[in-house]
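Asks: Before we start, here is the structure in question, set down as structure tokens.
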Amino acid sequence: MSDLQQRIEDAVQNPRNLGEMENADAVGTVGSPDCGDMLRMWVKFKEQDGVKVIDRATFQTFGCQTAIAVASVATELIAGKTVDEALALSGEELSSPLGPLPPMKIHCAQLVESALRSALAQDREGPAAPAPAQTPGLLEQFQAPQTARKVILK
Ligand code: FES
């Protein structure tokens, strides 16, 4: 097993920040046009030394193992960053703790990047965006396909 595969399996076995966040300030949901996988990310902010930073982020996904692993490391990576700092991170940077991804898996990291950008954009747009509490659960919004697909919810 390659180092990358091992790191992905480790992250999937013990994912960080998995699950819905009740009192999130922002939420972003995206689907991948490449594979149909979906990912939702919740973000909570806090004030730190007079600056608004990401307190924590969580995720849910109907996605492949790579997407789960990237979301796990990315939610750890963005804690403590400002919105601008988080927006400056590419999918490659968000997945960097796992090591370089093969070309066919780059879109998995982009799925995480897109969900993060969607959540952070919602924060910038302000109250026009639906309140996170009113956002339907990932299960309600997207019916899981009948075929065997990895579903990780908490
Ligand atoms: Fe589509 Fe990984 S195969 S997100």
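Asks: Order the peptides 54-66, 83-95 from the highest to the lowest mean number of other Cβ atoms within 10 Å of their residues.
Replies: Top of the packing list down: 54-66, 83-95.
Asks: Please state, to two decimals, what the Cα-based radius of gyration of the range 1-105 comes to when divided by 2.2 N^0.38 Å (N = residues).
Replies: Rg over 2.2 N^0.38 Å, computed on Cα atoms: 1.08.
Asks: Starting from the amide H of ASP25, placed 1.01 Å from N in the peptide plane, find each other amide H under 5 Å away whose residue is 5 or more places distant or on another chain.
Replies: The answer is VAL43, LYS44, PHE45.
Asks: Right, something else. Spin-label point model (7 Å from Cα, Cβ direction): what's the GLN13 to GLU76 distance in nm?
Replies: Those two pseudo-labels are separated by 1.4 nm.
Values quoted throughout were computed directly from the atomic coordinates according to the rules given, and no laboratory measurement underlies them. This is a predicted model, so every value here is computed, not measured. Cβ coordinates were reconstructed from backbone atoms using ideal geometry, including for glycine residues, and neighbour counts include every protein chain displayed.
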